[in-house]
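Here's the structure, in structure tokens; my notes come after.
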Amino acid sequence: MAKARKYVYFFGDGKADGRADMKELLGGKGANLAEMTNLGIPVPAGFTITTEVCTHYYKHGRRYPGELKGQVDKALARVEKVMGARFGDAENPLLLSCRSGARASMPGMMETVLNIGLTTRTIPGMVRLAKNPRFVWDAYRRLITMYTDVVMEKAAGIEPAEGKGIRHQLEHEMAKMKERVGAKNDTDLTAEHLKELTATYKKKVQEVLGKAFPDDPQEQLWGAIGAVFQSWNGKRAVSYRRIEAIPDAWGTATNVQAMVFGNMGNNSATGVAFTRNPATGENKFFGEWLPNAQGEDVVAGIRTPNPLNEDTRSEHSAGLQSLQNAMPKVYTQLVRIRNRLEKHYRDMQDIEFTIQDGRLWMLQTRNGKRNGPAAVRMAVEMLRERLISKEMAVTRVTPAQLDELLHPILDPQAERKAAVLAKGLPAGPGGAAGRIVFTAADAVAWAERGEVVILCREETNPEDVEGMRAAKAILTARGGMTSHAALVARGWGKCCIVGAGALKVSAGAKTISADATVLREGDWISLNGTKGAVYAGKLPTVDPDPENPRLVEFLKACDRVRQLGVRANADTPEDARVARTFGAEGIGLVRTEHMFYGEGAEVPLFKLRKMILSSTEAERRAALGELFPHVKADLKGTLKAMAPYPVTIRLLDPPLHEFVPRDEGVQRELARSLGIDVAEIRKRGEDLHETNPMMGHRGVRLGITYPEVTEMQVRAILEATAELHKEGVKAHPEIMIPVTCSVAEIRDQAGIIARVKTEVMSKLGLKKLDFLVGTMIEIPRAALTAGEMAEAAEFFSFGTNDLTQMGFGFSRDDIGAFMPDYLKKEILPADPFQTIDQAGIGELIRIGIERGRATRPKLKVGICGEHGGDPASIHFCHKVGMDYVSCSPFRVPIARLAAAQVAVKDLAAKKTAAKPKKKKKK
Ligand code: PEP
Ligand code: MG
């Protein structure tokens, strides 16, 4: 006969059927209760009903498997034996708790029933045992409240009107009783009061729910078990699963466990503790406890809890007795358990304990939640203590936690209390508060006066760049994650939210409105750029420490584990220096056009405009000649700042009309300089107008029609490099051709590059001048013809902003109008401009790499689109075999972490894959 499936796992008296690695079957709580029991830690005996029962229950019209009842009875008999009491017994009754416990922690989302087994038959026995009638009647009152609310109302699918729920009505009865007898607190009610109250409760239950509160222990137990399984599909739990992406199919386990009481008198207590401080990471046992109380009293915030020990006493808990002083023996035992658990789990634990009449019981342990600084500190210190390996250490900090250490953030406590005004895309992480301005010029002027401002725009264009620089943060109503505002802000490590569609930004009226709220110029506004949340008013911010030695140490551990290189997208020598401090190993993209934006760029911008508005080659060459020294000096600075690491310099990319001056004064000056009249300048500007500039005369196409433009840039790069070599600086340029779709384009430009190389070498008397020539891959055709592209390109850099734009046919600057609907209706799982669409765009990348390397096995491959700083995309880049990722300087630490995490994952997967093979060989 086949063995019956095991649905119930016992734990108690040092022996457990389960283990910590059985979370799928036993849920987190059940698995850890079993593990603690096996470790010899005192845990009240109990049993776990598996998650399989939950899935069976839902698959079979809410019925249990036939074997369950028998298995529960058996396990219960073992619990009774261990605890020396019997469930439902009049003389020596055992009371039980029934708690949910899913694979992933879902705090407060499912139900719990305590004190199960109190009935008219068992109460007298319990009173005799506890020698404390008040405690028993209070426990009975709590049972009726919890049971009727959880089992008889919620699990029965009753949805009472606001304020009409049974719990509320019972609490109202208690309030009435308190008023009648003049009791201020619950604790002022006597045993007699509580006894009377439970009778009132039972009448009320019959009246409201039309059913009696069950007086049979088995009925109470099975009611509670059913309610826990039922709560897996309760509203709260379902919403939480959606947000946290927890699959519905997992189900919850149910833990039935002997009750122990922290509220049995002054020799009893209950507490919650963390094996290390979860807010700072400090290696100090940290917790709170309450004498004569039940667990929920500590977390509910009704009473101020006492400090666990003297070491972690705060101003807040001055004058309150620590557990260390109050019950030194129990405290010492607790410290031993703390050390045991940390060593065993090799992570900070969040534990719950109860002391019943001087005896310590552990009710829960789990990996504790922590903030960013604490996560980094614990990872580094546990690595130093040799508690964990470097591979483990790098998995202990999430990218979002690391981000908390890199930017000022809104004070989390203040943020929790504030109401969200609007939501947008989280384009630049961190938090900022500032006063609203509506134009770039105002941002500059106000900032010069010492004001902290947030530039609020419908959208931004390159001309806003000065204002963006001056502003503390940027907020736009339109645009996507790769829109100009987002890209520039991220590059500067600035807080930025784009595409906050619910906001009406009226630059004319100088107002921002959302629903009924209207904000005006000068009003304070606060942004959380990590979440994309906008708040009215000034929320306080918390500053990071950029030189944090723990952060440096943690990232070094990441570097020892990762395989992917990490470079930065940087456009100036200053950016390059910043990138290096964050650990960049090169520049993956210099957007040369950025040297014409911003402070100090007036002269080169004027000369660039002159070049653009030239109408003959001779005119253009003259303008290029004037531009040359600026370009060369700028690139030389960047190459030097990054030496000896490589610097990928992209030839001019944007459509020229972006630089056509709209300001009349500038137009007049240009006309004078070119010796033509203003009308002609305007006409030439208009001629450059394009209907669809993103797919117009840009990228390599400029170099094809104006070879002299490529020539000037290449000469600048190579002369700068040669001069640096002479100065002893090991500069490594990589010349990158943008927006290519055919190998013939690369060949054409490579011809120019080869010619200029010869000229520069002979001019400077050089025998050798090494550099690479490669291409961006940002057009689907380029990816598909990668085999040919690699004949002429020595490296590929995937420009996934444009590749996504052209692969999807979504304009990267205009997704704000429809992307929210695509995400809401789940037409797309994520914004493909934020994280690589692996099924489509990812396929183009995979094909591109495969075909490219078939032609040129050593082809160097990287990514320089915004996805290069997105952890999920970085994982993908590792898997498809890229050599490096490149992202904005401030994302470099996140990229180092993500690259390390994927390497660890990969290693673990390889180990698992290798295991069965070994077996076969035997
Ligand atoms: C890209 O297209 O991914 C890219 C890096 O280039 P840009 O964003 O400058 O178009
Ligand atoms: Mg591009």
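Give me the percent of accessible area attributable to carbon and sulfur for the range 85-133, probe 1.4 angstrom. On the range 85-133, the fraction of accessible area on carbon and sulfur atoms equals 52 percent. Phi-derived couplings, Karplus 6.51 cos²θ - 1.76 cosθ + 1.60 at θ = phi - 60°, listed residue by residue for the range 842-857: x, 5, 4, 5, 4, 4, x, 5, 4, 5, x, 6, 5, 7, 10, x Hz, with x used for Gly and Pro.
Per-residue extension of 0.36 nm, minus the Cα-Cα distance of ALA156 and ASP311, leaves a gain of 51.0 nm for this segment.
I'd like the trypsin sites (Lys or Arg not before Pro) in the range 5-110 restricted to DSSP loop residues with at most 13 other Cβ atoms within 10 Å, sorted by number.
Values: sites: ARG5, LYS6, LYS15, ARG19, LYS23, LYS29, LYS59, ARG62, ARG63, LYS69, LYS74, ARG78, LYS81, ARG86, ARG99, ARG103; in loops: ARG5, LYS6, ARG19, ARG62, ARG63, ARG103.
The qualifying sites are ARG5, LYS6, ARG62, ARG63.
Share of carbon and sulfur in the accessible area of the range 349-495 stands at 48%, probe radius 1.4 Å.
Take every Cα pair under 8 Å in the chain that's 6+ residues apart, average their separations, divide by the length, and report that relative contact order as a whole percent.
Relative contact order comes out at 8 percent.
Kirkwood Rh and Cα-based Rg: tell me the resulting Rg over Rh for the chain, rounded to two decimals. Can you show the working numbers first?
On the way: Rg = 33.9 Å, Rh = 31.9 Å.
Using Cα coordinates only, the ratio equals 1.06.
Between the amide H of THR270 and those of LEU290, ASN292, ALA293, ILE355, distances stay under 5 Å, these residues lying 5 or more places away or on another chain, with hydrogens modeled in the peptide plane. Extent along the principal axes, Cα only, for the range 168-277: 50, 46, 29 Å, with the longest axis given first. If you average the C-alpha positions of the range 679-712 and of the range 380-403 separately, how far apart do those two centres end up, in angstrom? Here the two parts' Cα centres lie 51 Å apart. Amide H contacts of ARG567: GLU585, VAL885, SER886, CYS887, each under 5 Å away and 5 or more positions distant or on a separate chain (H built 1.01 Å from N in the peptide plane; Pro and chain starts excluded). Rolling a 1.4 Å probe over the heavy atoms of the protein chains gives the range 724-857 an accessible area of 44 Å² per residue. Under 25 °C and 0.890 mPa s, how fast does the range 792-921 diffuse according to Stokes-Einstein, given a Kirkwood radius computed over C-alpha pairs? Answer in µm²/s, whole number. Translational diffusion coefficient: 152 µm²/s. Note on LYS6 and GLU207: their simple-model spin labels are 5.1 nm apart, each label 7 Å out from Cα toward Cβ.
Is the range 85-237 rounded, prolate or oblate when judged by the Cα gyration tensor, a ≥ b ≥ c being the square roots of its eigenvalues, rounded requiring a/c under 1.5 and prolate requiring a/b larger than b/c? Oblate shape, in that a/c is at least 1.5 and b/c is the bigger or equal ratio.
With a threshold of 23 Å on the Cα-Cα distance, the over-threshold entries among LYS154/LYS203; LYS6/LYS29; LYS390/LYS860; LYS636/LYS730 are LYS390/LYS860.
What accessible area per residue, rounded to a whole number of Å², is obtained for the range 294-421 using a probe radius of 1.4 Å? Numbers along the way, then the final one.
On the way: 6340 Å² over 128 residues.
Per-residue accessible area for the range 294-421 comes out at 50 Å².
Between ARG747 and LEU784, the FRET efficiency estimated from the beta carbon spacing at R0 = 25 angstrom works out to 0.90. Taking the helices alone, the chain has a mean residue ellipticity at 222 nm of -14000 deg cm²/dmol, built from -39,500 (n - 2.57) per DSSP H run of at least 4 residues and averaged over all its residues. When the solvent-accessible area of the range 655-774 is split by element, carbon and sulfur atoms take up 53 percent of it, the probe being 1.4 Å. Within the range 571-668, the trypsin sites (Lys or Arg not before Pro) that combine a DSSP coil assignment with at most 14 other C-beta atoms in a 10 angstrom radius are ARG662. In straight-distance terms, cross-link reach from LYS423 covers every one of the lysines whose alpha-carbon lies under 28 Å from its own, apart from those fewer than eight places away in the same chain; here that gives LYS235, LYS369, LYS472, LYS494, LYS504, LYS510, LYS531, LYS538, LYS824, LYS825. Classification of the range 475-560 by its C-alpha gyration tensor yields a prolate form. The axis ratio a/c (a ≥ b ≥ c) is 1.5 or more, and a/b outweighs b/c.
Separation of the range 800-865 and the range 511-583, taken as the distance between their Cα centroids, equals 24 angstrom.
Taking a ≥ b ≥ c as the square roots of the Cα gyration tensor eigenvalues, with a/c under 1.5 meaning rounded and otherwise prolate when a/b beats b/c, else oblate, which class fits the range 669-756?
Details: a/c = 2.92, a/b = 1.49, b/c = 1.95.
Oblate, because a/c is 1.5 or more while a/b does not exceed b/c.
I'd like to check one number: the per residue accessible area of the range 36-171, probe 1.4 Å, reported in Å² as a whole number. Working shown, then result.
Details: 5640 Å² over 136 residues.
Averaged over the residues of the range 36-171, the accessible area is 41 Å².
Cross-link partners for LYS905 among the aspartates and glutamates, with Cα-Cα distance under 12 Å and sequence neighbours closer than 8 places in the same chain left out: GLU391.
The values are calculated or read from the model by the stated rules, or taken from the named source; none is laboratory data. Because the structure is predicted, anything quoted here is derived from the model rather than measured. No Cβ is skipped: glycine too gets one built from the backbone with ideal geometry, and neighbour counts run over all protein chains shown. Note: areas computed on protein heavy atoms with side chains; ligands, DNA, RNA excluded. Shrake-Rupley method; radii C 1.70, N 1.55, O 1.52, S 1.80 Å.
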